[in-house]
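The values are calculated or read from the model by the stated rules, or taken from the named source; none is laboratory data. Quantities reported herein were computed from a predicted structural model and do not represent experimental measurements. Note that we place each Cβ from the backbone using ideal geometry, even for glycine, and neighbour counts take in every protein chain shown. When the accessible area is computed, the model is the full protein with side chains, heavy atoms only, and any ligands, DNA or RNA have been set aside. Shrake-Rupley method; radii C 1.70, N 1.55, O 1.52, S 1.80 Å.
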Amino acid sequence: MIWVLEDPRAGTAAQALGMAERLGQPFRRVPLRFGRLAGLPWPWPTLAGLADRTAFTPPWPSLVFSAGRRSAPVSRWLRARGARTVHAMRPGLGAADFDLLVIGAHDHPAPAPNVMLIQGAAHRLTPEALAAARASFPDFATLPHPIVTLLLGGPVRAEGMDPACAARIASTAAQLGGSLLVTTSRRTGAAATQAVADTLQNIPHLLYPWGASGANPYAAMLAMADILVVTGDSISMLSEALMTTSPLLIADPGGLGARHQAVAQSLIAAGLAARLGDPLPPPRLPRDETARIAAEIRARGWA
């Protein structure tokens, strides 16, 4: 039996879910509801950080997926009951008390038998989903090539991207190709989204603002891109962009902290990306890190 400990934060939960989904086996989703003690650096396995423990009854799982520091003591508690544990991101205390730690190269963990380095982060996007997405938005095929896909997030700890910054990113991206596919996120904000629309008004493009009705074009935008421009605030978007063979350029939306800067630098140092405004990075193969994690789990005989 496989359990996935599902953090309330969607991006964190997606890492645990993505790893489990790639195994292609049934699993149980266990939503975690944290209480006021969840933020403490627990040195031992415990459920003390949970506000609701009703899901934690036997039979216990044989394999557990988790992600993020708050779920780490919970995963360790299940390991004490016989489960193998696969955890994404730094767990805080007790790093040796996991069977496999999946950690981004940007975090520079100390080498250990239970540590697996990846570029970026695990996620739920699959090659099959990308292939299927190509046919889902036929309007994309009418745009002039090369198609530049622009994925806009925003400052990590702010309400919206500066409109001038958004316009500058859009203008620079527009110089790279014949047309643009653009989507924004909640962090982009209405003012920055409008600035992008104004900047591109005389350039062939399709803009899908955050919260728009209808089918989500995100995967199709990735699949159709000849060049990808992604803001560096989203480790998930950068990691999913690596699933394609398109050159990846990282744009700075402002307000990025040291960790997000480290992710960008790690990808650039590995030859997988370049900064927007610099020459395109060299050609590369698709980088499917989540599939590599699943292969490692199978090779260890846990699934």
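If you roll a 1.4 Å probe over the heavy atoms of the protein chains, what accessible area per residue do you get for region 1-95, in Å²?
Details: 4300 Å² over 95 residues.
Result: 45 Å² of accessible area for each residue.
For region 170-282, the dipole from Cβ point charges (+1 on Lys and Arg, -1 on Asp and Glu) about the Cα centre works out to 200 debye, to the nearest 20. Proximity of backbone amide H atoms, modeled 1.01 Å from N, is registered between His205 and Leu180 at under 5 Å, excluding neighbours fewer than 5 places apart on the same chain.
May I ask for the percentage of alpha-carbon pairs in the chain that lie more than 24 Å from each other? List each step's numbers first, then the result.
Working: 24665 of 45753 pairs.
Of all Cα-Cα distances in the chain, 54 percent exceed 24 Å.
Using r as the Cβ-Cβ distance of Ala295 and Arg259, and R0 as 41 Å, what FRET efficiency do you calculate, to the nearest 0.05? Please report the intermediate quantities before stating the final value.
Values: r = 27 Å, r/R0 = 0.66.
It comes to 0.90.
Close amide-amide hydrogen proximity is noted between Thr231 and Leu151, Gly153, Ala251, each under 5 Å apart and 5 or more residues distant or on a separate chain (H modeled in the peptide plane; Pro and chain starts excluded). Placing +1 on each Lys and Arg Cβ and -1 on each Asp and Glu Cβ, with no other charges, gives the chain a dipole about its Cα centre of roughly 1100 debye.
Dipole magnitude for region 82-160: about 20 debye, using +1 per Lys or Arg Cβ and -1 per Asp or Glu Cβ, origin at the Cα centre. Selection among Phe137, Met116, Leu180 by position relative to the dipole of region 87-180 gives Leu180 as farthest towards the positive end (Cβ unit charges, Cα centre). A 1.4 Å probe over all protein chains sorts Glu289, Glu240, Glu128, Glu159 by accessible area into Glu159, Glu128, Glu240, Glu289, starting with the largest. Of all the options Arg79, Arg53, Arg284, the one that moves most in a Gaussian network model of the chain with Cα springs shorter than 10 angstrom is Arg53.
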